[in-house]
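Since the structure comes first, as structure tokens, the remarks are kept for the end.
No lab work stands behind these numbers, since they all come straight from the coordinates. Because the structure is predicted, anything quoted here is derived from the model rather than measured.
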Amino acid sequence: MTLSALRFAPTTSPFSPLRSSSLHGAPLRFTTSLATRPRRHLCATCTASNVSPSAIWSLQELHLDEKEAEALFLQHPELELAPPESLRSRVLALQSVGIDDLSLRRIVARRPEILLAPELGPFLEFARDELKGLKPAKLERLLTTTHPKFLTGIAARVTRLMEHGVPGEKLGHLLNHVHIRKVFCERPLKDLEEIILFLKRFSWPDLVVRRPMILNLDLHDQLIPRVEFLAELGGGDEAAAAALIAKLPALLSYTVEHFKSHLEFWRSVGLSDEELFKIALVYPNIFSVSKERKLGPRVEFLRQCGMDAEDIFRFLVKAPLYVSLSFKDNLSKKLTFLVKIGYKHRTRELAWAVGATTRTSCENMQRVLGLFFSHGLSCDDVLGMSKKHPQVLQYNHASLEKKMEFLIGYMERDVGEILVFPAFLGYKLDDRIKKRYEIKREVRGKGMSLNKLLSVSTDRFY
């Protein structure tokens with residue numbers, strides 16, 4: 001640190017000495033940094049500058065050299081008047097909340113008043129005891145940008161969150177993701193209370209625990225207009241809007257203008273407001289997808305496959321992930337697999353098949369196809385199965401392998417039976433297939449119909 005870095009503007013704030021124990025608890029132990037160094041040069045420097053050696057030594061926890069300490073005292077003579085023990089205690093109090101030596105020097109360089117400000121003691125105590133998980137970098141940013149006198153209200157405001165149900169162990173996480181000075185220093189307590197009461201209509205406190213940045217928003221200019229827009233989009237049903245927000249609290253981060261631009265896009269596709277809202281209930285991230293890079297090209301592909309607006313709506317309700325997946329890294333590879341097994345380009349069947357594979361990875365899909373081929377099935381066989389039971393290509397390959405081994409090895413059935421009833425591969429092996437097979441085998445033997453064995457309801461089966 002250079003002398004120029006310590007040329008502070010003189011402060012006019014009155015300071016009073018702090019108690020020797022900065023956090024009002026048991027005396028804190030001091031590390032020995034400058035205390036173990038030779039003090040000959042310190043004394044010489046102090047004598048020349050009329051700064052007492054005891055004053056400079058009181059800041060040994062800052063790891064300042066002689067010139068830096070001297071510059072600090074010369075720029076802020078009130079520090080020399082403070083009891084050395086109170087300065088050391090304050091430094092140790094800052095260290096107790098996770099501020100390391102380098103950060104401490106930066107903070108003192110920008111706001112030396114933190115070494116004496118009486119308002120800081122209670123805040124540091126609250127941060128140490130209640131704000132577990134608060135990142136030191138976040139705390140450093142707060143201390144360097146906020147005068148200590150504005151920190152006094154943080155404890156009351158954060159405590160109000162706890163009184164309204166926010167778990168204490170989540171407070172550090174919450175403060176790490178909000179603008180602390182704006183939310184807990186500058187905002188009046190009554191305004192924070194109004195926001196809390198408003199958000200309680202939307203799965204509070206889970207809402208702010210999952211998306212703390214919501215607390216940064218203004219109630220009247222941001223939160224209320226956005227909620228009203230979503231409720232209007234849902235036909236005036238605020239409960240439905242609340243359900244949508246609960247699924248994705250980040251929706252409240254989008255502006256009304258952003259929502260309107262997406263609404264206009266889907267209207268141009270031919271979807272109604274109600275249909276868009278239904279898609280959003282299934283997949284709230286529909287509002288976060290880029291219209292230019294993804295929505296436009298994805299919709300155009302569906303149109304090229306012969307889908308109209310009604311088809312597109314039904315498709316997106318069943319396969320909403322389609323609009324978010326990368327074409328290069330995901331969809332293009334799946335299209336290649338589907339065309340290889342026999343699907344025709346630009347057909348509705350191809351579009352629906354793509355939709356059925358959106359919830360599986362390319363690697364898993366490739367392994368599923370390889371599994372079928374290893375059991376002697378042809379491309380035509382797999383094509384027929386996927387048309388009859390589209391989900392078959394997205395099942396986990398390891399699970400499918402176990403079911404086919406059970407079918408062929410234990411049940412002694414021909415692999416061709418899954419061509420007739422591919423839904424067999426969708427039932428749980430232990431809870432449904434094995435259990436029902438063992439029950440009925442004693443009565444009907446091994447040749448029972450797979451369809452009748454598995455598709456009848458539990459009530460009818462037993």
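Is it possible to state the helix-based mean residue ellipticity at 222 nm for the chain, with each DSSP H run of 4+ residues giving -39500 (n - 2.57), the sum divided by total residues, to the nearest 500 deg cm²/dmol? What is it? Can you show the working numbers first?
On the way: 27 runs with 243 residues, N = 462.
The helix-only estimate for the chain comes to -15000 deg cm²/dmol at 222 nm.
Whole Å is fine, so just give me how far the alpha carbon centre of region 156-209 lies from that of region 342-414.
Result: 49 Å between the Cα centres.
Each residue of region 374-390 in order: what ³J(HN,Hα) in whole Hz does its phi give by Karplus 6.51 cos²θ - 1.76 cosθ + 1.60, θ = phi - 60°, with x for Gly and Pro?
Ordered by residue, 3J(HN,Hα) equals 5, 9, x, 7, 9, 4, 5, 5, 5, 4, x, 4, 5, 6, 6, 9, x Hz.
Using alpha carbon coordinates only, what is the Rg to Rh ratio of the chain, with Rh defined as the Kirkwood radius? Kindly include the intermediate steps, with their values, before the conclusion.
On the way: Rg = 33.5 Å, Rh = 28.2 Å.
My calculation puts Rg/Rh at 1.19.
Can you give me the Cα centroid spacing of region 222-275 and region 73-114 in angstrom?
Using only Cα atoms to place each centre, the spacing works out to 50 Å.
Residue by residue through region 391-401, which ³J(HN,Hα) values in whole Hz follow from phi under the Karplus form 6.51 cos²θ - 1.76 cosθ + 1.60 (θ = phi - 60°), with glycine and proline marked x?
In residue order, the calculated couplings are 5, 4, 7, 10, 5, 5, 5, 5, 5, 4, 4 Hz.
Between 0 and 90 degrees, rounded to the nearest ten: what's the tilt of helix 435-444 against the longest Cα principal axis of the chain?
20 degrees
What is the angle, in °, between the Cα long axis of helix 120-130 and the longest principal axis of the Cα atoms in the chain? Nearest 10 is fine, range 0 to 90.
The two axes meet at around 30 degrees.
If you fit an axis through the alpha-carbon atoms of helix 101-110 and take the longest principal axis of the Cα set of the chain, what angle between them do you get, 0 to 90°, nearest 10?
In the chain, helix 101-110 runs at an angle near 60 degrees to the longest axis.
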